[in-house]
Amino acid sequence: MKLNELTIKQAYEGLTKGEFTAVELAKACLAEIKKRNQALNAVLTICEEEALAEAKAADKRIKAGTAKELTGIPYLAKDNYLTKGVRTTAASKILANYIAPYDATVIKKLRQAGAVLLGKTNLDEFAHGSSTENSAFGPTKNPHDLTRVPGGSSGGSAAAVAANFCIFALGTDTGGSIRHPAAFCGVVGLKPTYGRASRFGIIAMTSSTDAPGPIAKTVADAAMVQAVISGRDQNDFTTADVPAVDYEKEMGKNIKGVKVGVPHEYFLAGMNKAVEDKVKEAIESLRQKGAEIINISLPHTKSALPVYYIITPSEVSSNLGRYDGIRYPLPSDPAVLRDGAGTPNPSSRNTAGRGETADLMELYKKNRALFGAEAKRRIMLGTYALSAGYYDAYYLQAQKVRTIIIEEFEAAFKEVDVIITPTTPDIAFKFGANKDPLKMYLEDIFTLSSSLAGLPAISVPCGIVDKMPVGCQIIGRKFEEGMVMRVAGRFA
Ligand code: GLN
């Protein structure tokens, strides 16, 4: 087995036993990226120098006997996490040369643990999408079939893990963006409870559902990363002060008597029958391992899509307001370009083509034209839904239905411990197959409800259909990631 193919657990063992060094491990991953990234376009920025320096430091820590589980483990972060001194683009032209002045809390925690950041992965611009086709830097290809999408929006991270570019990766999930690409690429993706891990330093999409989480090769690996990145953060007051889960202990328990709910609303007429069969086989395997399977109903599942597509654009239209051509250095800004890969010169603010513009409207027009079509669509939809006269009819109404969705889950979780569903209605589609935005929105039909309710949910591989991976989703009660892992651990 090549070093870059290892899981976190295997790599940790090898590192602490002295079988190889963190530098060798990082080099193996970097070599794989260089060999195959041109074909896959999963990685937007490689930070080789910094990575090798971090790996060296990790080796010292390992020798000194102060290593933690992630010390020396190479990873990639979705390009919407701020990384100090390293370009952060959100796959948008508007941030093409943006170099973050500080680390996101999650990145900081991983740095403290000694994990090695190799670079940044591709995504749909500002995390809007389900295929990475919305990236301003070209789509990522699915490593299982280069003619198919990797899913999205964390498609670069999922493809990178599947292609063994790294040992694990970070994604963000607002309506399915960790689980969806994990399912399409045959890897594990965990969206934790909203508020379990800090959103500080992550480029905001929909602040009321954004959740950072791991994409990994096994459930145990995802659990390990989650344990490190979680916790209360003074910089994000939506983070909760709940004790960390002892994932190892939870995953060691069997599933005898665990109540698994199967909502019939997630087995739709139009979905791929072979995908449905794989998920049903997964349910059967849980029954054989001692779980109690219970049929349940979540009638407002059908409302999740319209509710999400009112709430998300509303929050997006507000969050994207800050890219006004004044507050962030722009690709067209010579003062920024002058610094090359270094830190942008702060004195470049309000200069270089900005101060010269007398008309504010012209300035906005010039700069906001850099948004891609999907971002523009969401800004317009959100501005409309929030405007006077429409706010009550759309936004407020959507929030009310969101409450019903939350209550339905709460009622279901009085009866069952977890809920199992397919992650996606079909296998990865071909590039260009979902040109109609509405069709693309339907991709997340099974992941949106749990996002709106802020619940933890994981996607684990559960079989192959037409040579492509299929994922099943396990949803849990708030902050019960332990139970989710315990059930998911039976699969990967
Ligand atoms: N595909 C969904 C959307 O486009 C979810 C995105 C996400 O979770 N970031 O909104």
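One line per residue, one yes/no per condition, for (1) small (Gly, Ala, Ser); (2) within 15 Å of the chain's Cα centre (by Cα); (3) under 24 Å from PRO422 (Cα atoms):
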{"residue": "GLY195", "(1), (2), (3)": "yes, yes, no"}
{"residue": "ALA204", "(1), (2), (3)": "yes, yes, no"}
{"residue": "ALA211", "(1), (2), (3)": "yes, yes, yes"}
{"residue": "ILE215", "(1), (2), (3)": "no, yes, yes"}
{"residue": "ARG232", "(1), (2), (3)": "no, no, no"}
{"residue": "ASP236", "(1), (2), (3)": "no, no, no"}
{"residue": "PRO243", "(1), (2), (3)": "no, no, no"}
{"residue": "ASP246", "(1), (2), (3)": "no, no, no"}
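Take the conditions over 21 Å from the mean Cα position of the chain (by Cα) and within 30 Å of ALA159 (Cβ to Cβ) and apply them to LYS467. Does it pass?
Considered against the rule, which asks whether it is over 21 Å from the mean Cα position of the chain (by Cα) and within 30 Å of ALA159 (Cβ to Cβ), LYS467 comes out as yes.
Residues checked against (1) closer than 13 Å to CYS472 by Cα; (2) among the hydrophobic types (A, V, I, L, M, F, W, C); (3) in contact (Cβ under 8 Å) with a residue 12 or more places away in the chain; (4) in a loop (DSSP other than H, G, I, E, B):
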position: VAL262; (1), (2), (3), (4): yes, yes, yes, no
position: GLY270; (1), (2), (3), (4): no, no, yes, yes
position: ASP277; (1), (2), (3), (4): yes, no, no, no
position: ASN295; (1), (2), (3), (4): no, no, yes, no
position: THR301; (1), (2), (3), (4): no, no, yes, no
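Criterion first (touching a Phe, Trp or Tyr at 6+ places or on another chain (Cβ under 9 Å), among the acidic types (Asp, Glu) and crowded, with 16+ Cβ neighbours inside 10 Å) does GLU408 satisfy it?
Judged against the criteria, GLU408 is not a match.
Results for (1) away from the ligand (no atom under 16 Å from the Cβ); (2) in contact (Cβ under 8 Å) with a residue 60 or more places away in the chain; (3) buried (at least 24 other Cβ atoms within 10 Å of the Cβ), shown as yes or no for each residue.
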residue	(1), (2), (3)
ALA55	yes, yes, yes
LYS63	yes, no, no
ASN97	yes, yes, no
ILE107	yes, yes, yes
THR121	no, yes, yes
GLY138	yes, yes, no
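Quick check on my filter: what residues within segment 140-174 are more than 14 Å from the ligand (Cβ to nearest atom) and of a type in the set (S, T, N, Q)?
Result: THR140, ASN142, THR147, ASN164.
Name the residues in segment 411-443 that are surrounded by 19 or more Cβ atoms within 10 Å (Cβ to Cβ), in a loop (DSSP other than H, G, I, E, B) and away from the ligand (no atom under 16 Å from the Cβ), would you?
Scanning segment 411-443 gives VAL416, ASP417, ILE427.
What pairs come up if the first residue lies in segment 196-225 and is among the acidic types (Asp, Glu), the second is more than 16 Å from the ligand (Cβ to nearest atom) and not in a helix (DSSP H, G or I), and their beta carbons are under 7 Å apart, counting only those six or more places apart or on different chains?
These pairs meet every condition: ASP221/THR7; ASP221/PHE168.
Looking at the structure I just gave you, is SER177 buried (at least 24 other Cβ atoms within 10 Å of the Cβ), over 23 Å from LYS35 (Cα atoms) and within 12 Å of the ligand (Cβ to nearest atom)?
yes
Which condition number in (1) in contact with a Gly (Cβ under 8 Å, 6 or more places away or on another chain); (2) farther than 18 Å from ALA197 by Cα; (3) touching a residue at least 60 places away in the same chain (Cβ under 8 Å); (4) not in a loop (DSSP other than H, G, I, E, B) is the one that GLU133 fails?
Failing condition for GLU133: (4).
No lab work stands behind these numbers, since they all come straight from the coordinates. Not measured: the values here are computed from a predicted model. When we count neighbours, we look across all protein chains shown, and the Cβ atoms used for this are built from the backbone with ideal geometry, even at glycine.
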